[in-house]
Amino acid sequence: MPSPFRLITVAFRLTSLLICLTSLAAGATLPLVSRADRHPNGRLFLRKALTSGNSSKPNSAAALYKWNVDDKQLPLLSLPVDRLQPGFDQAITFPLGQFSFPIFQALNYDDEHGRYLLPTLSSENNGVHFIEFEPGEARNTFTSNDGTNIKLIDNDNLKTIRMADGARYTFVRYPDGEYRCVGIKDARGAYLNLIYTANGLTLHGIVDSVGRTVTFNYASEGIVSVTQNWMANSEGLSKTWMVGEIPAAAPVINAFISPVSNARTTEMVGTKALPTNALVKSYSPEMAAVDKLLASIFGGPDAVAAGSGFEPAGLAASYPSYRGDIIGDDGKVRRGHLSFAMHLYGNYDGTGESPLYVPLGFVSHSDQPSPTDGVVTFYYPRLGNLSDVTLAVFHVADFHLSNEAGRVRIGNLGGPGGSSAFYKHTHIEFYRGNTGLPTVSARPRLRIDPVTVFANTKAAL
């Protein structure tokens, strides 16, 4: 079962997913979201120009790629142009029955309803479709509720999706809590191994069962080139495709402001992609002011907070910039990873250190951080604008309590479950009542938007 650390899983991934998928269906390019801390999450833009699996028939006029799983004399992916458009990677899907699975997306857990959700595209119309897996009769087994009879086997940190034709998709939980696809075995036995960077946040490459490789080369703005290696007629071949600028004719992408440099300054960092189904269409100066306030309450002088649905711009290559509420293809609102929670980072790109603080005024607290996610809870009769509030701080490192300049230092960010080689953060949630750490199923109805706790009003947002 999912750990508390994956509270907003469904939201983050769903957001990320829908971003990616909706954008794809809409002909744009974008990301998605989910869970309470490693959630979160989907990632770039998608274009409608897709091919489905091993078929060479494109779903639109200009196919971006096709898989060459069976033709071992060709590179694993056929990329029809020498210079790719930014966001092309989010259009890469692999056949999954009557659907297509975007390999840059993650498996999501809906803690409110106790089900798993896998973002896919319909092979018929490229529409976004979530395969929902409900608990089955067999222990640790979930079954799709749409009549496709797809099975999900839950082995704690390892999830396996099994198709009726024998195909399998394996997902592993990485340090940030996301369940990412690490392996695909198709019905004919061909196998793809998906390899991630050291911090587990980005897909670095793909290797198939005959040794062909696809490598995604990253810079601060995301993927800048793709390199493929393969054998043809006993000769080793290699080719690199560069990723160019978005054409001037492409749709204009919304700009948003993101906190950079330190908790006291906020500046425009450029344009970022937003999902077409996002409830919040831009990151406003008011949101930036709230995040600045949250950083000053909980972090050190260089801390950056993300409490208004948007991550810092420095994380754009690893996470979607928007992690707030989205509207699904079924018309339902799905909560984002940061819809009713906040993240705290040591700096704008999530790699820095920071002391961790909580406000004065709590009357009780847990004795020690929990072993899995380093969670410490504090109960406040009054906190900010609200009464009767429990504050839960996830991923607390070096736990101790000491009064420092009107705040209580509780340690450092990036404790258990909150850091990897190049990623450190703390996840913070607020609950109604003296709850301690609620059960995973109870958290959705108890969570409070951080903005309402400390801002004068949310109407301005």
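Every number here is computed from the coordinates shown, using simple stated rules; none is lab data. None of the values given here were measured: they were computed from a predicted structure. Cβ coordinates were reconstructed from backbone atoms using ideal geometry, including for glycine residues, and neighbour counts include every protein chain displayed.
Stretch Leu158-Asn193 to full length: gain in nm at 0.36 nm per residue minus the Cα-Cα span?
Using 0.36 nm per residue and subtracting the Cα-Cα distance, I get 11.1 nm.
Counting each pair of different Cα atoms once, what's the Kirkwood radius of the stretch 66-183 in Å, rounded to one decimal?
15.5
Explain nothing, just compute: Karplus ³J(HN,Hα) = 6.51 cos²θ - 1.76 cosθ + 1.60, θ = phi - 60°, for every residue of the stretch 346-360 in order, whole Hz, x for Gly and Pro.
x, 7, 5, 10, x, 10, x, 8, 7, x, 10, 10, 10, x, 5
Taking the beta-carbon count within 10 Å as an exposure proxy, list Phe310, Phe130, Phe454 from fewest neighbours to most.
Phe454, Phe130, Phe310
If you take the beta carbon distance between Leu360 and Asn140 as r and set R0 to 51 Å, what does 1/(1 + (r/R0)^6) give as a FRET efficiency, to the nearest 0.05?
The pair Leu360/Asn140 has a calculated efficiency of 0.70.
Could you work out the relative contact order of the stretch 340-422? I mean the mean sequence separation of Cα pairs under 8 Å and 6+ apart, divided by the number of residues, in percent.
Taking the mean separation of contacting Cα pairs over the length of the stretch 340-422, I get 30 percent.
List, in order, the whole-Hz ³J(HN,Hα) value for each residue of the stretch 103-110 obtained from phi through the Karplus relation with A = 6.51, B = -1.76, C = 1.60 and θ = phi - 60°; use x for Gly and Pro.
Working through the residues one at a time gives 5, 7, 8, 10, 6, 10, 10, 9 Hz.
Rounded to the nearest 0.05, what FRET efficiency do Ser284 and Arg83 give with R0 = 45 Å and r taken as the Cβ-Cβ distance? Could you check?
According to the calculation, E is roughly 0.80.
Which FRET efficiency value, to the nearest 0.05, do you get for Gln368 and Val210 by plugging their Cβ-Cβ distance into 1/(1 + (r/R0)^6) with R0 = 60 Å?
0.75
In sequence order, what are the phi-derived ³J(HN,Hα) couplings for the stretch 174-183 according to the Karplus relation 6.51 cos²θ - 1.76 cosθ + 1.60 with θ = phi - 60°, rounded to whole Hz, with x for glycine and proline?
Per residue, the Karplus-derived 3J(HN,Hα) values read 9, x, 8, x, 6, 8, 9, 6, 10, x Hz.
Within a 10 angstrom radius of the beta carbon, how do His365, His337 rank from fewest other beta carbons to most?
Sorted ascending by nearby Cβ count, the order is His365, His337.
At a Cα cut-off below 17 Å, give the aspartates and glutamates reachable from Lys72, other chains included and same-chain residues fewer than 8 away excluded.
Of all the aspartates and glutamates, those that pass the test against Lys72 - Cα under 17 Å, at least 8 places apart if same chain - are Asp186, Asp208, Glu235.
For Arg445, Arg335, what's the fewest-to-most ordering of other Cβ within 10 Å of each Cβ?
Lowest count first: Arg445, Arg335.
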